[in-house]
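Single-structure report; data block below.
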Amino acid sequence: MRLVQLAELLDTQLKGDAKEKMVSRVSSVRDADAESVVFAEDPIVLAHALKSAAVAVIVSYKLSVDLPETSTVVLIAKQPKLAFARAAKLLRPQVEAAGVHETAIVDGSALLGRRLTVEAYAVVGKGAKLGDGSFIGAGAVIGEGVIIGQNCRIYPRVVLYPGVELGDNVIVHAGAVLGGDGFGYVRDEETGEYLQFPQQGRLVIEDGVEIGANTTIDRGALEETRIARGVKIDNLVHIGHNVTVERDVVIAAQTGISGSSTIRAQAIVGGQVGIGDHAEVGEKVILGSGSGVLTHKKVKGAGVVFWGRPARPLKQYLKELATLAKLARKD
């Protein structure tokens, strides 16, 4: 891609001679070559970037004020790191569709879009729908009636149970299991035995969601589990039945979310967080790693950091730790 074209697509201000210069990839400053673009968010990194082989460096308006004379082209952005991530996506090589592998098992009633790849030993069930440009990795299982939107990437050995619906541009990493039965049982008070409560709802994954490796998300019991647009879920996360995760939430690894809980828009959930059933995490709340939200508890406060078990505002949590430390010293 021409560097001038990249600058336009990123909506950045271009400084330097970019005529005829090409860019093919993003890289670190250390690994940069003559077709690399890098980024810098502080003066030290910028100094190294300008001495590197990179054809261009993305910087903030503040860093661009006192630039030394350099042959490196500078792209000035409001958010350099974000612009760099967007550049990576724009420069990523397009993978050509490979069609359906001869060992894949595709039911005759499945509806297959254009420009598809279905790799070796994948299984596509009865009545499934695969959108244009989607990729199904080796050994993946797409259950009966599953709907997959356009330009989705389903990596090897993913399992999508019947009742799962994926929007466009969804990424599901290897080993994830979506739409399994929730952990819902009714106890017989006379015998002590447990009988499964009906698990017949669906799981809806909206556009632009990314789901990490070996993550599991249960279907709804009678209605639905829903993961809204733009949610990013790390590896080894479990989300129970009837959970709602609103748009642009980020959930780190080893977190467990119990059934019928809600996480509001743009919340951040750290690693190894535990959330009890019927709990609610408010919009833009930040749950620190290892914290816990009790059953039926509501945690609210946009931008507030919560920590501890049970989770409480970080300032309160630190005060309590200090008090405990003082008491321990008295002993």
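Going through the stretch 149-165 one residue at a time, which ones are among the hydrophobic types (A, V, I, L, M, F, W, C), without any contact (Cβ under 8 Å) to a residue 40 or more places away in the chain and closer than 19 Å to Val231 by Cβ?
Of the residues in the stretch 149-165, the ones among the hydrophobic types (A, V, I, L, M, F, W, C) are 152, 154, 158-160, 164.
After this cut, where a residue has to be without any contact (Cβ under 8 Å) to a residue 40 or more places away in the chain as well, the list is 152, 154, 158-160.
Selection gives Cys152, Ile154, Val158, Leu160.
Would you be able to tell me the number of residues in the stretch 137-146 that are in contact with a Leu (Cβ under 7 Å, 6 or more places away or on another chain) and crowded, with 20+ Cβ neighbours inside 10 Å?
Adding up the residues that qualify gives 2.
Output the residue which, of all residues in the stretch 53-73 that are within 30 Å of the chain's Cα centre (by Cα) and of a type in the set (Val, Ile, Thr), is farthest from Val26 (Cα to Cα).
Once the filter is applied, the top-ranked residue is Val59.
Give the residue that is surrounded by the most Cβ atoms within 10 Å (Cβ to Cβ), with candidates limited to residues of the stretch 169-183 that are under 13 Å from the mean Cα position of the chain (by Cα) and without any contact (Cβ under 8 Å) to a residue 40 or more places away in the chain.
Among those that are under 13 Å from the mean Cα position of the chain (by Cα) and without any contact (Cβ under 8 Å) to a residue 40 or more places away in the chain, it is Val172.
Would the stretch 305-323 turn up any residue that is more than 17 Å from the chain's Cα centre (by Cα) and within 24 Å of Asp181 (Cα to Cα)?
Filtering the stretch 305-323 for residues more than 17 Å from the chain's Cα centre (by Cα) gives 305-323.
Checking the rest, the ones that are also within 24 Å of Asp181 (Cα to Cα) come to none.
The answer is no, given that none of the residues of the stretch 305-323 is more than 17 Å from the chain's Cα centre (by Cα) and within 24 Å of Asp181 (Cα to Cα).
Return yes or no: is Lys315 more than 19 Å from Asn242 (Cα to Cα) and assigned to a helix (DSSP H, G or I)? Even if it seems obvious, please write down each step before you answer.
On the way: more than 19 Å from Asn242 (Cα to Cα): yes; assigned to a helix (DSSP H, G or I): yes.
It is true that Lys315 is more than 19 Å from Asn242 (Cα to Cα) and assigned to a helix (DSSP H, G or I).
If you check Gly145, Gly179, Gly127, Gly139, which single one turns out to be in contact with a strand residue (DSSP E or B) (Cβ under 9 Å, 6 or more places away or on another chain) and in a strand (DSSP E or B)?
Values: Gly145 fails: in a strand (DSSP E or B); Gly127 fails: in a strand (DSSP E or B); Gly139 fails: in a strand (DSSP E or B).
So the residue among Gly145, Gly179, Gly127, Gly139 that is in contact with a strand residue (DSSP E or B) (Cβ under 9 Å, 6 or more places away or on another chain) and in a strand (DSSP E or B) is Gly179.
Within the stretch 221-246, count every residue that is surrounded by fewer than 19 Cβ atoms within 10 Å (Cβ to Cβ), under 11 Å from the mean Cα position of the chain (by Cα) and not in a strand (DSSP E or B).
Of the residues in the stretch 221-246, 3 are surrounded by fewer than 19 Cβ atoms within 10 Å (Cβ to Cβ), under 11 Å from the mean Cα position of the chain (by Cα) and not in a strand (DSSP E or B).
Could you go through the stretch 283-301 and let me know if any residue there is in contact (Cβ under 8 Å) with a residue 60 or more places away in the chain and either touching a helix residue (DSSP H, G or I) at 6+ places or on another chain (Cβ under 9 Å) or part of a loop (DSSP other than H, G, I, E, B) (or both).
Filtering the stretch 283-301 for residues in contact (Cβ under 8 Å) with a residue 60 or more places away in the chain gives none.
No: zero hits.
Read-outs throughout are calculated quantities, based only on the coordinates presented, and are distinct from any laboratory measurement. Note that the coordinates shown come from a computational prediction; the quantities given were computed from them, not determined experimentally. Counting neighbours? That spans all protein chains shown, and the Cβs are built from the backbone with ideal geometry, glycine included.
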